[in-house]
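Below is one structure, written out as structure tokens, with a few remarks after it.
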Amino acid sequence: MPFTSSYRLFRISALTTLCIAMLAMAAPALAGGHKSAGQQDILFDPAKRSEVTGTVLVTGANRGIGLALTKNYAERGWTVIGTARKPEKAEELNALAASNERVSVERMDLLDHASIDALAEKLRDVPIDVLLNNAAIMGDAAKQDLGSYDYDEMAKVFAVNVSGTLKMTEAFLDHVAASEQKKIVGITSVQGSIQSLRDPLIPFYKMSKTALNMGMSSIAKIAKRKKIIVALVSPGAVDTRMMNAALDHSGYKGPNFMITTEESAEAVINVIDQYERKHTGMFLAHTGEVLPW
Ligand SMILES: NC(=O)c1ccc[n+]([C@@H]2O[C@H](COP(=O)([O-])OP(=O)(O)OC[C@H]3O[C@@H](n4cnc5c(N)ncnc54)[C@H](OP(=O)(O)O)[C@@H]3O)[C@@H](O)[C@H]2O)c1
């Protein structure tokens, strides 16, 4: 059997294993324990809401987890700057901004560094308490199968998830440094954890999150001098376009194990709120669990 055919057969069982592992990881945390199935520490309580408010900039705020994060922050009384590649098509985000004067919409494309610089310049007098780097792409899963790797696709995934996110972080360092809370968040993924690797699917996406983790960890070391906290947070397995595209590619037909964008956003924000300076650079799940690199 050609290698690519056996690889395809491997997909379904691999993803089933991944899903079971994800459920196993989540269960003890949901039960309120202090260790997960992987015996990692539960550092923060994902259900603990704080009263703190400030200004947050959320990238990819027009849909998926980014939209839910934007809505949740707005509901908590934060000032929210939501970015979208195509604001004119961001109907739900625009409706939110129309009904809440603390929510605004800005254009930004991670592939267009000039758009990042332009936004940083436009907001130069705005201290940003939380820079929430949420936007990312998985890339076309079919172009990530060994034997037919598409290297242009690999470059695009890296350009958005790694270069674009680091450029965004670099451009907004001073805005964050000028704020009270001084937090830079990378929405990463357990898929970027080499120690947690259980299947060979979507390697470009996984590699991009591993690279993002290292890039943000490096920034954490330098940004510490400006008292900036860098948080790396995985949002869980969430029912979004991205996750469903991954499931479609795998052929997974088992029970639904995903959480909603609302559940993810609530936990992610609670976890972000609990990061203090001593936690800078730590890689956590939305459950508050410390993840292995
Ligand atoms: N869903 C999950 O289970 C899961 C698990 C682990 C980690 N994550 C991470 O969570 C974050 C959000 O994922 P999601 O599931 O909500 O994905 P999604 O539904 O596919 O949404 C992705 C968002 O990123 C934006 N985006 C894509 N390319 C962009 C670019 N070049 N410049 C600016 N924005 C761009 C999209 O805007 P357009 O609408 O214009 O395309 C969209 O707003 C990502 O970092 C993802 O890696 C998700």
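The values are calculated or read from the model by the stated rules, or taken from the named source; none is laboratory data. A quick note: this is a predicted structure, and the numbers were derived from the prediction, not measured. Note: ideal-geometry Cβ built from the backbone for every residue, glycine included; neighbour counts use all protein chains shown.
The table for this structure:
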| read-out | value |
| --- | --- |
| Long-range neighbours under 9 Å by Cβ, at least six apart or interchain, first residue closer than 21 Å to D45 by Cβ and touching a residue at least 12 places away in the same chain (Cβ under 8 Å) within segment 249-266, second away from the ligand (no atom under 11 Å from the Cβ) and part of a loop (DSSP other than H, G, I, E, B) | E266/P46; E266/A47; E266/R49 |
| Enumeration of residues in segment 114-141 that are surrounded by fewer than 16 Cβ atoms within 10 Å (Cβ to Cβ), within 16 Å of the ligand (Cβ to nearest atom) and within 20 Å of V185 (Cα to Cα) | D117 |
| Odd one out for V233 among (1) closer than 17 Å to V176 by Cβ; (2) assigned to a helix (DSSP H, G or I); (3) not acidic (D, E) | (2) |
| Matching entry among K227, K182 (being in contact with a Lys or Arg (Cβ under 6 Å, 6 or more places away or on another chain), crowded, with 17+ Cβ neighbours inside 10 Å and within 18 Å of I128 (Cα to Cα)) | K182 |
| Any hit, segment 185-204, residues being touching a Gly at 6+ places or on another chain (Cβ under 7 Å), outside any helix (DSSP H, G or I) and either under 30 Å from R225 (Cβ atoms) or without any contact (Cβ under 8 Å) to a residue 60 or more places away in the chain (or both) | no |
| Segment 68-93 residues that are acidic (D, E), paired with ones that are assigned to a helix (DSSP H, G or I) (beta carbon under 8 Å, 6 or more apart) | E92/L67 |
| Odd one out for Q144, checked against (1) crowded, with 20+ Cβ neighbours inside 10 Å; (2) under 20 Å from the mean Cα position of the chain (by Cα); (3) of a type outside the set (K, R) | (2) |
| Scan of segment 98-110 for residues that are within 15 Å of the ligand (Cβ to nearest atom) and either under 14 Å from T169 (Cα atoms) or over 21 Å from the mean Cα position of the chain (by Cα) (or both), ordered by number | M108, D109, L110 |
| Matching residues in segment 164-193 - criterion: being within 13 Å of the ligand (Cβ to nearest atom) and of a type in the set (K, R) | K167 |
| K224 being charged (D, E, K, R) and assigned to a helix (DSSP H, G or I) | yes |
| Condition met for G236 (under 30 Å from K143 (Cβ atoms) and modelled with pLDDT under 95) | no |
| Residues of segment 249-276 classified as of a type in the set (S, T, Y) and outside any helix (DSSP H, G or I), total | 3 |
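Yes or no, residue by residue, for (1) more than 26 Å from Q144 (Cα to Cα); (2) at pLDDT 95 or above:
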{"position": "H249", "(1), (2)": "no, no"}
{"position": "K253", "(1), (2)": "no, no"}
{"position": "M258", "(1), (2)": "no, yes"}
{"position": "E262", "(1), (2)": "yes, yes"}
{"position": "N270", "(1), (2)": "yes, yes"}
{"position": "Q274", "(1), (2)": "yes, yes"}
{"position": "L284", "(1), (2)": "yes, yes"}
{"position": "T287", "(1), (2)": "yes, yes"}
